[in-house]
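Structure record follows, encoded as structure tokens.
The values are calculated or read from the model by the stated rules, or taken from the named source; none is laboratory data. This is a predicted model, so every value here is computed, not measured. Glycine gets a Cβ as well: all are built from the backbone with ideal geometry, and neighbour counts include every protein chain shown.
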Amino acid sequence: MGDNLFRKYGISMKAGDVLFNAGDEGTEMFVVRSGAVRVVIRSRAGIDKTLAILGPGEFVGEMSVLTNQPRAATAIIEEDAELLVVGVKVLEEMIVHNTEIALRLVRKLASRLVAADSLIQVLLHRDANARVIENLKRLARLHMTGDGTGARFRVDIDGMAEQVGISRAEAEGVMMKLIGAGFVNQDGGDWIIANVADIDEFLNFLRLKEQYR
């Protein structure tokens, strides 16, 4: 995103700031220029369940703009962030006059629908190893790198545990196994998977190991 575009449509926010709350009217979407945004569903007891942590190049809040429905989740600034604010009229103009942006939006929405369906499949697994690895594959499909074999994305251990319905200790244990085996690496707050197919093979190895224990 160019500086001129940011000066016209950009905002800066601090970690901990609330971008929008569930139930708010959705009249604009946001593109993350820098930093990170955590998307959560907040229970009546005030407990947050993390749905995603979105970094540079990702967008958030688009569903409310496209469906004219209230926000379904709450978005909180995870790290100091710069965001491009895209209102309804601006979005419509971008879609009409820029095919690339329209296609990118459609692809992103389609991938999120697939990911939502995949999460349901993840929760059907009883084994913590399977839940974490299947969820990593789900996240990887949303954030594939250029060659289509690897992925880079952001999710913390607490968020992973919440997503798949296991304890933090269980989620951390599986991630440490993957790091120890060299299938997953960390770079700052990002997780990097060089080859998504490899972690599927590792899951099969763990299952065989458990079977013959």
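Among the residues of region 84-104, what is the count of those that are of a type outside the set (A, V, I, L, M), assigned to a helix (DSSP H, G or I) and modelled with pLDDT of 80 or more?
3
Name the helices (runs of 4 or more DSSP H) wholly inside region 106-183 in which the number of residues that are over 17 Å from ALA197 (Cα atoms) and either touching a Pro at 6+ places or on another chain (Cβ under 7 Å) or at pLDDT below 85 (or both) is 1 or more.
157-164
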Can you find, within region 21-37, the residue that is surrounded by the fewest Cβ atoms within 10 Å (Cβ to Cβ) among those that are in contact (Cβ under 8 Å) with a residue 60 or more places away in the chain and not small (Gly, Ala, Ser)? THR27
Give all pairs with beta carbons closer than 9 Å in which a residue from region 91-103 that is under 17 Å from SER64 (Cα atoms) meets a residue that is in a helix (DSSP H, G or I) and among the acidic types (Asp, Glu); count only pairs at least 6 apart in sequence or on separate chains. LEU91/GLU62
Being surrounded by 13 or more Cβ atoms within 10 Å (Cβ to Cβ) and in contact with a helix residue (DSSP H, G or I) (Cβ under 8 Å, 6 or more places away or on another chain) is the requirement here; does GLU82 meet it? yes
With the requirement that a residue be over 14 Å from the mean Cα position of the chain (by Cα) and closer than 18 Å to ALA15 by Cα, what does region 48-73 give you? ASP48
Extreme residue, surrounded by the fewest Cβ atoms within 10 Å (Cβ to Cβ), among residues of region 121-155 that are within 18 Å of GLU58 (Cα to Cα) and more than 11 Å from the chain's Cα centre (by Cα): GLY146
Breaking point among (1) farther than 26 Å from VAL164 by Cβ; (2) in contact (Cβ under 8 Å) with a residue 60 or more places away in the chain; (3) among the basic types (Lys, Arg), for LYS49: (1)
Among the residues of region 24-36, is any of a type in the set (Gly, Ala, Ser), part of a loop (DSSP other than H, G, I, E, B) and farther than 23 Å from PHE153 by Cβ? yes
